[in-house]
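Data block below; observations after.
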Amino acid sequence: MNRTTYGLDLAKRVFQVHWVDIDTGEVKRRTLRRGEVLRFFALQPGSVVAMEACGSAHYWGRALTNLGHDVKLIAAQFVRPFVKTNKTDTADAQAIWEAAQRPEMRRVALKTVEQQAVLGLHRVRQQLVKQRTMHANQVRGLLYEFGVVMPQGWKKLLAEAGPLLADDDQVAVPKPLAEVMGKQLSSIQSLSERIDALERRIGLWQRGDVECQRISAIPGVGPLSATAVIATIGNANGFRSGRELAAFFGLVPRQSGTGGRVKLLGISKRGDPYVRTLLIHAARSVLVAQTRNGREPDPWVKQLLGRRPWNVVLN
């Protein structure tokens, strides 16, 4: 049975739909307000609805799947080459429809509500860690301007800078600035407590998910890496091999070649840089553990270290 394919351009308020009538071959377009989208597709028989994997795409994908449609999420970088003229909502919807016709076009796995929620926790934690680092670097830099050198690490900064700023006889910083810097240290402590609370929430989700527990058995993979990987990839059955998964995270070499000669370059760095960073740090922890205290590393790792630099082996 032939099914109609719809190209749906997502937006906050005004959506654009593009499709071709399978009986007459007529090209049809329609503009929908936000409240009309689900009503429109509820009246259509089971169809293929293609969308860019952009903001709110997973929400709309779940909603349309519940209506009996086959949702196809396509990465925006694969849709862009099909935009024929100026970039408008109508042209984008048509480009999405064109991209969905390609038999080898890769899909983005549809995420569940729980997967999106845990990724949200990771994003909030990532922002809080960044803010804590900014505050710590600012306090360390201001103290350095007054001849006070603080050690690296926010914990050591709190331990040494706090008592120093509270002691009027020892600190070389003027009192108005010292009071403000003391509040910055309080912010660092508060941010750390919020980060710890988020990590406990992520750990609870990791302990309750079977797939997370399964990959947590891999050396170097902890609660953060396990939950981020599972929530990001969605359905792992969409990958034909481990190399495809590595390519999804941008951990395989880029290729450049012509005339039958292919040259391998550095890692592509495609995909989510946050998850890729977690995976690289996981590999770093394993490599450090294998080479610590004169321990004899695994023969395969030893062979790699003998012919490639340390950071290349990590990737």
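The values are calculated or read from the model by the stated rules, or taken from the named source; none is laboratory data. What you are looking at is a predicted structure, and each value in this text was computed from that prediction instead of being measured. Virtual Cβ from ideal backbone geometry, glycine too; neighbours counted across all protein chains shown.
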Lone unmet requirement of (1) more than 20 Å from GLN115 (Cβ to Cβ); (2) more than 17 Å from the chain's Cα centre (by Cα); (3) buried (at least 16 other Cβ atoms within 10 Å of the Cβ); (4) not β-branched (Val, Ile, Thr) for TRP300: (3)
Candidates LYS111, LYS156 - the one that is out of contact with any strand residue (DSSP E or B) (no Cβ under 9 Å at 6 or more places or on another chain) and buried (at least 19 other Cβ atoms within 10 Å of the Cβ): LYS111
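A quick yes/no check of all residues on (1) outside the structural domain of VAL124 (by TED's automatic domain parsing); (2) loosely packed, with under 15 Cβ neighbours inside 10 Å; (3) among the aliphatic types (A, V, I, L, M):
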residue	(1), (2), (3)
GLY203	no, no, no
ASP209	no, no, no
ALA228	yes, no, yes
GLY234	yes, no, no
PHE249	yes, no, no
THR277	yes, yes, no
ALA283	yes, no, yes
VAL288	yes, yes, yes
GLY294	yes, yes, no
Residue check, VAL48 farther than 16 Å from ALA11 by Cα, assigned by TED's automatic domain parsing to the domain that holds ALA75 and of a type in the set (Val, Ile, Thr): yes
Residue that is modelled with the highest pLDDT [pool: residues in the stretch 151-174 that are in a loop (DSSP other than H, G, I, E, B) and small (Gly, Ala, Ser)]: GLY153
Subset of the stretch 63-115 (residues that are free of Cβ contacts under 8 Å to residues at least 12 places away in the same chain and among the small types (Gly, Ala, Ser)): ALA91
